[in-house]
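J.: If you scroll down you'll find the structure; I have some questions about it.
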Amino acid sequence: MTHTLDARRALVGGGGALVVVIAAFGVAALFIVLASKNPFDTFAVLFGYTLGNAIGFSEVVVRAIPLTLAGLGLCVAFRANAFNIGADGQIMVGAIVSVALGLALPGWPSYFAVPLSLLAGALAGGLYGALAGHLRARYNASEIIVTIMLNYVALQLLAWMIRGPLQETMAIFPRSDALPPSASLDVIIAGTRIHEGFYIAAAAVALVYLLLNRSALGFAFKVVGLSAPAARYGGLKDRALIVLAMGLSGGLAGLAGSIEIAGVHRRLQDDFAPSYGITAIAVALLARLDARFVPLTALLFGVLHVGSGAMQRQIGIPFPLVWIIQGIVILAFLYLSYMRGRARAITPEAV
Amino acid sequence: MPAMTAPILSLTGITKRYPGVVANDGVSLSLQAGEVLGLLGENGAGKSTLMNILSGLATPDEGEIVLGGATMRFHAPKDALEAGIGMVHQHFRLVPTLSALENIALGDPRHTRGRLRLRPLKARLEALASELNLSVPLDTPVGALDIGSQQRIEILKALAREPRILILDEPTAVLAEDERDGLFRVVKRLAARRVAVILISHRLDDVFGACDRAVVLRQGRVAGEGRVADLSREALVRLMVGGDVAAPSRSAEHAIGAPLIEVENLTVRFGRGDRRLEDVGFTLRAGEILGLAGVEGNGQHELIDAITGLAEPASGRVKHLYARPGDARLSALRAAGLAFVPEDRHARAMVPALSLSDNVLLTRLREPAFRRHGLVDRRAALALTTSLIERFNIMAPGAGAPIGTLSGGNQQKLVLARELSTEPRVLIAAQPTRGLDVRTVAFVQERLLERRDAGVGILLVSSDLAELWALADRIMVVANGRLKGPIAVAESSFAEIGHWMSGS
């Protein structure tokens, strides 16, 4: 009994993330075999296309920027034991507000317009996340359900915006006008699409690391996440902390959405960040909620997303294989944290 | 009265150890068919462990269970069920959206394997219920029923499996007065049908209302047992709270100072049935230990929460004279010099997954001593924790180890060390020695006396009267929704306080 528990603990601990990745690729290989293809060829294409040449890799980096930001946001919420499944909605709301502001400020100098519109997007995403946090803190409404539902609200809001108030002047496609250059992020490496959002994401990694691992607020998040009664006893405001964690989490997702538009698409359109918010869950979990590892796991999922196109073209393995890998990562971590909970429950402490 | 025949159940020398705690220490007891046995004891006395062993949730390290002449070894709850031991848990295990009938069918494969066969079960349950005069609506969703009905459903659920022994865990804790009488009648009828009943409780009224015999556990051992007809309330209280120990010697005289906390007309609600502890008033002074005695679950917990600002009282006032008036939040009181050792160590006083040093930070996070450049100064916390480990002789691998890996006694030492490390002016300590070994108990008590002599005002909540008697200058008692006292220990007697605690 003790032996198996120790094994479970070890799996949840250090090497767990690697085991999960290998297992996920193993299962993916199984599906590839089922599709009568060679998994080794498939993975060779997947990695060759993304890591074997500079352009492919630059696309991975472009994809990793929003995944890093949204993944960092989820680290904040998950640390406080608030299961923010709504990064997708927060990304969209952030993008909408930031584009609306960017379009409304033509002619402003970019050192003013860019930060302002990005901040507005972050704020909007933050409020959207804090709303779910408030409902959890005040009415004990499951933030999981609420954030999932708010994703659909945001999706419809976006669809309406680009067909209504924010639709392009020509009114042909369901999309907004292009942001003026003064409200856009510049490319930082010529010949690629890597943009200034890279710096913002890098700074966010450092800031979120300091927040979660070194600041009093991060400590408070952790305590609340582990035990709300202990937090109250310690003099922490457990409810306010949940709202704040959800707000910061949504804020980072909103920033991710704003940056994705200002740096890549330059205009609002349907599906500009397809399920980035769900991918960000896998990013955060695989990084074991440690901000320092988020860029790495974001790059890994960037590889999967970017490489899956080539995989589809050259081998004929359809894109959803990536979703299978992603799903396995999430399920594996849910299982592991469940097991960890059980291991704790089984371990007899005092009577 | 059951005739003295071979017992249906006998436990011999049951011992169960958990890290740092001996939960059951050589417990022996026996039970006759048709007998109602009251199992009494404070929280942590070992009742739950013993019943977990009997119901297959835990296996004993030593000892023997003989049931109906055969030696038993239960590995899972199902083994105990099959052997004829039914259990009604204190917290009901019912699906609120299902009817009583469905709930009862749920746990029993005879009715659910393949397809649901509810009709024969319903007929059987109706017969059983009418035989026992147990009024249970079988078809209403359980969630729509009151607590008493839910409990009767639990009982019926256990009886549907025709147990030889029925264990009722704190069955009266959730019931109102009249519901309790109804329960006792059901218990008597069961006994008449030769079912042996074990009724777990820490309420004396339950013993006198329903039981033939009582066994009292204290600190994992059988403290005493006897036929209820031969027992007095005072004798039972003495067994429960340790009054059979010779009253310990009183400490020397010392100066008592200015008032620190004034409680006026305070009323708090507690328990599930909206019970109240009403009109509480007392003053805690510097340099004294004021003891709050009482059988567990009489509102002490809620009273302390109201005093420490963790919960709103129903009415009344608490004045913290050492703090700035107006701000009664726990964090503000702490900053003004309050320290608080809550009774529920695992749920509140610490976070088991965090390190010792992070657990020290738990209540001291706001202090400038633990901040550097706006960030948490972990090094300062580690340094303090390391010195606390040394000063309090805490057995731990280091300040960075998760506190959950320590034994209960060492965890409590760290909590106490942390609370005393702020040099408090007021200390509220609830059950600070519960579940600890003798040496640690003495250590904790010495620290309390040391602080009292240094002028700290200490409110000590304990259900161990011997402890209060040894430490407190004045004692007050909660019983039956009222506070009695405080009375100076010098002017009272051990018997008088015990009498108050028994609620008479």
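Quick note: the coordinates plus some simple rules give every number you see, no bench work behind them. None of the values given here were measured: they were computed from a predicted structure. Here Cβ is always computed from backbone atoms with ideal geometry, including for glycine, and neighbour counts include all displayed protein chains.
J.: In chain B, which helices (entire DSSP H runs) extend 20 Å or more along their own long axis, judged by Cα positions, while averaging at least 1.6 on the Kyte-Doolittle scale?
T.: Membrane-span-like by this rule: not one helix.
J.: Taking H placed 1.01 Å from N in the peptide plane, check which residues at least 5 places from B:L9 or on another chain put their amide H under 5 Å from its amide H.
T.: Residues meeting the criterion, in which the H sits 1.01 Å from N, are B:L31, B:G68.
J.: With the cut-off at 15 Å, report for segment A:122-183 the share of all Cα pairs above it, as a whole percent.
T.: Here the tail beyond 15 Å accounts for 63 percent of pairs.
J.: Per 5 Å bin, what percent of the C-alpha pairs of segment A:45-317 does each bin hold, from zero upward?
T.: P(r) for segment A:45-317, in whole percents per bin: 1, 7, 13, 17, 18, 16, 13, 8, 4, 2, 1, 0.
J.: Report ³J(HN,Hα) in whole Hz for each residue of segment A:84-100, in order, from the Karplus equation J = 6.51 cos²θ - 1.76 cosθ + 1.60 where θ = phi - 60°; Gly and Pro get x.
T.: 7, 9, x, 4, 4, x, 5, 4, 5, 4, x, 4, 4, 5, 5, 5, 4
J.: Ratio to report: Rg/Rh of chain B, with Cα atoms as the point set and Rh obtained by the Kirkwood method; give two decimals.
T.: Ratio of gyration radius to Kirkwood radius: 1.00.
J.: Once amide H atoms are built 1.01 Å from N in the peptide plane, which residues 5 or more positions from B:R371, or in another chain, come under 5 Å H to H?
T.: Under 5 Å from the amide H of B:R371: B:D377.
J.: Is there a quick way to get the dipole size of chain B? I mean about its Cα centre, with the Cβ of Lys and Arg at +1 and of Asp and Glu at -1; what is the value in debye to the nearest 20?
T.: Value, rounded to 20: 1280 debye.
J.: Enumerate the amide H contacts of B:T308 below 5 Å, restricted to partners 5 or more residues apart or on another chain; note that Pro and chain-start residues carry no placed amide H.
T.: For B:T308, no residues qualify.
J.: Between B:R391 and B:A258, take the C-beta separation as r, use R0 = 30 Å, and let me know the FRET efficiency to the nearest 0.05.
T.: Efficiency for this residue pair is about 0.55.
J.: Mind running the shape call on segment B:422-504? Use the C-alpha gyration tensor, a ≥ b ≥ c as the square roots of the eigenvalues: rounded below 1.5 for a/c, prolate if a/b tops b/c, oblate otherwise.
T.: Here segment B:422-504 falls in the prolate category.
J.: For the protein assembly as shown, with only Lys/Arg (+1) and Asp/Glu (-1) charged at the beta-carbon, what is the dipole magnitude about the Cα centre, in debye rounded to 20?
T.: Roughly 1200 debye for the protein assembly as shown.
J.: Report ³J(HN,Hα) in whole Hz for each residue of segment A:201-217, in order, from the Karplus equation J = 6.51 cos²θ - 1.76 cosθ + 1.60 where θ = phi - 60°; Gly and Pro get x.
T.: 5, 5, 4, 5, 4, 5, 5, 5, 4, 4, 4, 6, 9, 10, 8, 5, 5
J.: Could you put A:Y335, A:Y111 in order, starting from the residue whose Cβ has the fewest other Cβ atoms within 10 Å?
T.: Ascending number of Cβ neighbours within 10 Å: A:Y111, A:Y335.
J.: While we're here: With θ set to phi - 60°, apply the Karplus curve 6.51 cos²θ - 1.76 cosθ + 1.60 along segment B:199-215 and write out the HN-Hα couplings as whole Hz, x wherever there is a Gly or Pro.
T.: Using θ = phi - 60°, the values come out as 10, 8, 6, 10, 9, 5, 4, 5, 5, 6, x, 9, 9, 8, 9, 10, 10 Hz.
J.: Just need the relative contact order of segment A:164-229 here, percent rounded to a whole number, with Cα pairs under 8 Å and 6+ apart. Kindly include the intermediate steps, with their values, before the conclusion.
T.: Details: 34 pairs, mean separation 8.1, N = 66.
It comes to 12 percent, rounded to a whole number.
J.: What FRET efficiency do you get for B:R372 and B:E131 if R0 is 56 Å and r is their Cβ-Cβ distance, rounded to the nearest 0.05?
T.: 0.15
J.: Could I have the simple spin-label model distance between B:S28 and B:S493, label points 7 Å from Cα toward Cβ, reported in nm to one decimal?
T.: According to this spin-label approximation, the distance is 3.5 nm.
J.: Ignore the peptide's own chain and count Cβ atoms of other chains within 10 Å of each Cβ in B:352-363; give me the average, rounded.
T.: Neighbouring Cβ atoms belonging to other protein chains average 4 per residue here.
J.: By per-residue mean of other Cβ atoms within 10 Å, what is the highest-first order of B:180-191, B:320-331?
T.: B:180-191, B:320-331
J.: Taking 1 over the mean of 1/r across every pair of different Cα atoms in the protein assembly as shown, what Kirkwood radius in Å do you get? Let's see the in-between values first.
T.: Numbers: mean 1/r = 0.0324 Å⁻¹.
When all Cα pairs of the protein assembly as shown are included, the Kirkwood radius is 30.9 Å.
J.: Go ahead and estimate [θ] at 222 nm for chain B from helices alone: -39,500 (n - 2.57) per DSSP H run with n ≥ 4, summed, over the residue count, rounded to 500.
T.: -9500 deg cm²/dmol
J.: If I take every Cα pair under 8 Å that is 6 or more residues apart in chain A, average their sequence separation and divide by the length, what percent do I get for the relative contact order?
T.: Relative contact order, chain A: 34 percent.
J.: A further question on this structure: Determine the relative contact order of chain B: mean sequence separation of Cα pairs under 8 Å and six or more apart, normalised by residue count, in whole percent.
T.: 16 percent
J.: Further question on the same structure: What FRET efficiency, computed as 1/(1 + (r/R0)^6) with R0 = 60 Å and r the Cβ-Cβ distance, is obtained for B:A383 and A:L18, rounded to the nearest 0.05?
T.: Approximately 0.95, to the nearest 0.05.
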